[in-house]
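One structure is given below, encoded as structure tokens.
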Amino acid sequence: MSLETYLLLHQAKTVATDSRGSSHGIGRDEILHAGAVAALKYPIGHHLFLAENGDEKSLLALIQFANEHLPELTEEVVAVAMGKPTTEQWNRLVRAHPRYERERKRADKIKSQAKFVLRKGDEGEAERLTKIAEKVKSDAVAHCRKDILSTGSCPSCRGDGIAVRRKTTCVTCRGTGKIIPDDASIKRIHGDEVYAKFRKVVESMLFDKSDWVRMYYRQINCEKCE
């Protein structure tokens, strides 16, 4: 059974699959059991697979694991292991999104209005406008992050890998057109020794996921033979 089937069963605990004896010779209980058996040996790999598909409990488990091994870079470890941008990379990606630049300019205009009314002595209106400007900007950041995550495409070149205006290789995604975790800033900021530890923790999580997947399918085959 595919990982997609296992995911559906794990999330909903029920799909249109018989408990036993399906057309594939295997049912719901066997699929869940295969995943559980593999998870006993490779728990972090199991959590990584589930977290990548939106499981909040598994995400918390990954955060705890990363915090135990590299507390100063917990969020970065989990992000890179899950194939998501680092914090520094997020800042660059959001700023490169057309929506953000448009909304940033709108927020700046509102802030200018706030300064104007403040000079006139209307503190209440100035405060109201300032809050509106801040919300415009924060909403833009949230929208851009959601868009980037959902599409997986570089916001600067819109997935083409080519800078829109200059017709040269996009510097944001380095011509890939996709969002690929870039941990270069970690090495630059924290140094070679910390970076080496960082890569070791990330790779251990990725290897654990590969081992979990392999054992899951091995267990599925064993279930079919019973």
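Looking across segment 60-84, the residues that are open to solvent by 50 Å² or more (accessible area, probe 1.4 Å) and under 15 Å from the mean Cα position of the chain (by Cα) come down to Leu60, Ile63, Glu75, Lys84. Based on what the data block shows, is Ile31 surrounded by 18 or more Cβ atoms within 10 Å (Cβ to Cβ) and either in a loop (DSSP other than H, G, I, E, B) or at pLDDT below 95 (or both)? It is true that Ile31 is surrounded by 18 or more Cβ atoms within 10 Å (Cβ to Cβ) and either in a loop (DSSP other than H, G, I, E, B) or at pLDDT below 95 (or both).
Close contacts from segment 184-202, counting a first residue that is part of a helix (DSSP H, G or I) and a second that is of a type in the set (Ser, Thr, Tyr), with Cβ to Cβ under 6 Å and a gap of 6+ residues or different chains, come to Ile186/Tyr195; Lys187/Tyr195. Scanning segment 126-168 for residues that are of a type in the set (S, T, N, Q) and either under 26 Å from the mean Cα position of the chain (by Cα) or closer than 15 Å to Lys178 by Cα (or both) turns up Ser138, Ser150, Thr151, Ser153, Ser156.
In summary, Cys157 fulfils each of the numbered conditions (1) of a type in the set (A, V, I, L, M, F, W, C); (2) more than 19 Å from Ile110 (Cα to Cα); (3) outside any loop (DSSP other than H, G, I, E, B); (4) open to solvent by less than 70 Å² (accessible area, probe 1.4 Å) with the single exception of condition (3).
The values are calculated or read from the model by the stated rules, or taken from the named source; none is laboratory data. Just so you know, these numbers come straight off a predicted model, no measurement behind them. Using ideal geometry, Cβ is built from the backbone for each residue, glycine included, and neighbour counts are taken over all protein chains shown. Heads up: the accessible areas ignore ligands, DNA and RNA and are worked out on the full protein's heavy atoms, side chains in. Shrake-Rupley method; radii C 1.70, N 1.55, O 1.52, S 1.80 Å.
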